[in-house]
1. Here are some residues: Thr51, Thr55, Thr86. Which one is at pLDDT below 85 and not basic (Lys, Arg)?
2. Mind checking which pairs have a first residue in the stretch 44-72 that is under 22 Å from Gly25 (Cα atoms) and a second that is small (Gly, Ala, Ser), Cβ under 7 Å, 6 or more apart or different chains?
3. When the stretch 24-35 is examined, which residues are found to be within 14 Å of the chain's Cα centre (by Cα) and at pLDDT below 80?
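The values are calculated or read from the model by the stated rules, or taken from the named source; none is laboratory data. Just so it is clear, the structure is predicted and the values come from calculations on it, not from any experiment. A quick note on method: Cβ atoms are made from the backbone with ideal geometry, for glycine too, and the neighbour counts reach across all protein chains shown.
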Amino acid sequence: MERLQAFQTAARECGFVEVNEFAQGTVLWLRKKAPDTARETHQRMCIDSLTNSVTVYWMAVPGKVNSKTFRGVPALQEWFKLRPETIVQR
């Protein structure tokens, strides 16, 4: 349970807010408050207590959903610190 709390803390520090929470559920969904890079466009996060992991979903190009799964909080925090992707104009 500590790991899940650490994931939630890291998510909130990076601007995520809860979408919904069910007392009996096994997942917690969050969304990015205000996207400021291409990677953060329509960004959602799923914290899964069954797998003790977090999956971040985002859509940088309309119609294409990307995702990345993390099993450790340090890896998630490091990914958030990476240089943001640039928006490609067509």
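1. On the way: Thr51 fails: at pLDDT below 85; Thr55 fails: at pLDDT below 85.
None of the other options fit; the residue is Thr86.
2. Met45/Ala11; Thr55/Ser67; Val56/Ser67; Tyr57/Ser67; Thr69/Ser53; Phe70/Ser53; Arg71/Ser53
3. Lys33, Ala34, Pro35
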